[in-house]
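Data first, discussion second: the structure below is written as structure tokens.
The values are calculated or read from the model by the stated rules, or taken from the named source; none is laboratory data. Because the structure is predicted, anything quoted here is derived from the model rather than measured. Here Cβ is always computed from backbone atoms with ideal geometry, including for glycine, and neighbour counts include all displayed protein chains.
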Amino acid sequence: MVSHIKLENQQKYKNHACLSCITGLYGCRWKRYRQSTEPTTMVEVAFFIILIIAFMLMAILFYFWFVAGNDANDINWYLWTDLHSWFNWYLLLFTLTTLVFSYISFLIIFGIFHIFLGQQVHLHVIHKILVIATIVGAVAAIIIITTIWQDEWQLLYKSLQISAPILQLVTVVLLTLLTWPFAKLFFKSSPGFQILQLTIYLVVLIFIYLSPLLIHNPCFISSDELPIRPRILAHRGLQQLAPENTRVAFEQALKYNVFGLESDVSISWDGVPFLMHDSNLARTTNVKEMFPSREWELASTFNISDLKELDAGSWFIERDPFRTVKSIPDDIKNTFPNQKILKYEELLNIAMMNNKSVLFDIRQPPSYHPYYSTWLELVVNTTLKSGIKQDQVWWLPETNRSWVEEQAPGFIQTLEGAKYSIEVMQEKNLSQVNAAFYEIEDEQIRSFKNASINSSVYVVNKWWLFSVYWCVGAHSVTSGSPQLLQDVSSPAWYLDPSIYLIIWTVVDGVSILCVLIIFVIQRLQNPSRIADQETVSINMQRKRYNSGRTPDDVNPLYDLQGNSAAANGTTIPAPLAATAAADGDQSILVENQVVEQGAYNEVKLQM
């Protein structure tokens, strides 16, 4: 008796190294380089769908961390405040996401190759476990991000405003190309499963075709309507190439022709306004070495003389928060260890000497501070004594704004966040809005502009986000990377809406036509279930062997040596067909030919 395993091993195939590699990596079937003799099971089809779900989740996370690079420093700073230990968490999270996304992407590609080549789809159990773990991890990550950094999802939406039209066109092309293996799988599936496949496929395809309707893109605009390029304010100086809020940071920012300088002001214990973003000194100074017992104390509890003793620049070289230290010239880098905490008055002098505007937040001292009640008066008086032009000062604090207007009527009264209507802003004499990207909508910026109210958006570190607010019509942006934005002479792209409509409809129309043609071709190639001689013979032998019959007693397609009857020129007797029919098999018509190695006889199953 010849078992189906022996028959299988005696088949003559050419060694396809590429197919062997794909099958091995996907299902750990390194010796199964030939076409499978059985169709893909429903369990494997279900796991392939799960693999697609994992791919989509990881694609979302990968894209999220990619665009979150605009706020990478804020993410690291947020974790610093909780963990009190500096680490580039953003780089770690982005790297891990990239690796997992690449892994899932390769599995998807290998699975598609299996379908395209007619190979049985069989995912190895280790891959299945890892795919399930990926889905669980991705869902957990999305929940954590939504809980901790919910505003960052708004940044993802902003990125889609500039990238969605391009992504839509690319996705349409990819889905059109993937229609070929899908249609091939579709016509080989059972009728019940075909309905599910076609429904999912059509839903995805229609969604991609119509997706541009879901996102309003501000860059669909003609050249005549393109707003003036937004002005740039240096966020804490040249934040990405120098230690923040130091003299060298502001002086380096001036080299890139910024419009103004942005900073954060605190009040020292002895009543001197100074520049410091954090509530304490641990991150940006050597306070741990100089005052070990006061590392986490509020910065405002230090006298200005103690603050001036601290090194405010070496940390930038040691931690390299933006991975830019290697690109900084040595003559500039060597000045970092000599940087001191700046007084607010020193910032005003730098701005005044270079005719730049200033924008600053003020951290109110704690209730036990000596200047808790007079901090506002202290900052206003320091500003006026500096001699800077009042119209170069953007005043943000809401506290006693009417009193500030009396003392300095020339200050540009600026609203923090777009929380008031135009009518209220005009009533309060507010001529400017300073808001984070998640605090202000595009329509608000346009409405404010029409009412002669300027809008400034922070923090804009990437050229694509700068392009969005250029198209929207923002007056200015606050950026930690003026060196990257100075050469941006136009938005990433902008296009007349009528032209894009033509491109969109033509691409979708061509895709629909190609999809229909592909389905017609695959239908012609697959009029009914087709199997090669090897598949029919082996499956028939397996069925008879499992039923207790001896294949050799009923004139099998293969002799005891595993030689094909067709290859020997022998016709297949009628009893074989009758036996097959008795076993529940369909009748078989074989066009007998001399078969070369790697070729197949044409076998058709008649219903």
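The table below lists the values:
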quantity	calculated
Leading residue by the ranking (farthest from VAL460 (Cα to Cα)) among those in the range 242-264 that are among the acidic types (Asp, Glu) and surrounded by 22 or more Cβ atoms within 10 Å (Cβ to Cβ)	GLU244
Considering residues of the range 109-121 that are surrounded by 15 or more Cβ atoms within 10 Å (Cβ to Cβ) and in contact with a helix residue (DSSP H, G or I) (Cβ under 6 Å, 6 or more places away or on another chain) only, the residue nearest to LYS184 (Cα to Cα)	ILE115
Selected residue (criterion: farthest from ASN400 (Cα to Cα)) from residues of the range 415-456 that are of a type in the set (Lys, Arg) and outside any loop (DSSP other than H, G, I, E, B)	ARG446
Residue within the range 372-380 that is surrounded by 15 or more Cβ atoms within 10 Å (Cβ to Cβ), within 21 Å of LYS356 (Cβ to Cβ) and touching a residue at least 12 places away in the same chain (Cβ under 8 Å) present	yes
Residue in the range 361-371 that is within 34 Å of the chain's Cα centre (by Cα), in the same structural domain as ALA253 (by TED's automatic domain parsing), under 20 Å from LEU275 (Cα atoms) and not in a loop (DSSP other than H, G, I, E, B) present	yes
Extreme residue, surrounded by the most Cβ atoms within 10 Å (Cβ to Cβ), among residues of the range 271-308 that are out of contact with any Phe, Trp or Tyr (no Cβ under 9 Å at 6 or more places or on another chain) and acidic (Asp, Glu)	GLU295
Residue count, the range 216-236 (criterion: within 30 Å of VAL515 (Cα to Cα) and surrounded by 15 or more Cβ atoms within 10 Å (Cβ to Cβ))	2
Failed criterion for ILE75 (all others in (1) touching a residue at least 40 places away in the same chain (Cβ under 8 Å); (2) part of a loop (DSSP other than H, G, I, E, B) hold)	(2)
Subset of the range 421-447 [surrounded by 15 or more Cβ atoms within 10 Å (Cβ to Cβ), free of Cβ contacts under 8 Å to residues at least 60 places away in the same chain and under 27 Å from GLU152 (Cα atoms)]	ILE422, GLN432, VAL433, ALA435, GLU439, ILE440, GLN444, ILE445, ARG446, SER447
Residue identified as hydroxyl-bearing (Ser, Thr, Tyr) and closer than 27 Å to LYS255 by Cβ among TYR500, TYR469	TYR469
Count of residues meeting criterion [within 20 Å of SER266 (Cβ to Cβ) and either touching a strand residue (DSSP E or B) at 6+ places or on another chain (Cβ under 9 Å) or crowded, with 19+ Cβ neighbours inside 10 Å (or both)] in the range 381-400	10
Residues (more than 18 Å from ASP264 (Cβ to Cβ) and surrounded by fewer than 24 Cβ atoms within 10 Å (Cβ to Cβ)) located in the range 449-467	LYS449, ASN450, ALA451, SER452, ILE453, ASN454, LYS462, TRP463, TRP464, SER467
Candidate set from the range 472-492 (those that are within 22 Å of the chain's Cα centre (by Cα) and in a helix (DSSP H, G or I)); member that is surrounded by the fewest Cβ atoms within 10 Å (Cβ to Cβ)	LEU484
Residue that is farther than 25 Å from PHE187 by Cα and not in a helix (DSSP H, G or I), where the choices are SER85, SER102	SER85
Of all residues in the range 108-132 being of a type in the set (A, V, I, L, M) and not in a helix (DSSP H, G or I), the one that is nearest to LEU175 (Cα to Cα)	LEU117
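Yes/no matrix, rows are residues, columns are (1) of a type in the set (Asp, Glu); (2) part of a loop (DSSP other than H, G, I, E, B); (3) in contact (Cβ under 8 Å) with a residue 60 or more places away in the chain; (4) surrounded by fewer than 17 Cβ atoms within 10 Å (Cβ to Cβ):
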{"position": "TRP153", "(1), (2), (3), (4)": "no, no, yes, yes"}
{"position": "ILE162", "(1), (2), (3), (4)": "no, no, yes, no"}
{"position": "VAL173", "(1), (2), (3), (4)": "no, no, yes, yes"}
{"position": "GLY192", "(1), (2), (3), (4)": "no, no, no, yes"}
{"position": "TYR201", "(1), (2), (3), (4)": "no, no, no, no"}
{"position": "VAL204", "(1), (2), (3), (4)": "no, no, no, yes"}
{"position": "PHE207", "(1), (2), (3), (4)": "no, no, no, yes"}
{"position": "GLN240", "(1), (2), (3), (4)": "no, yes, yes, no"}
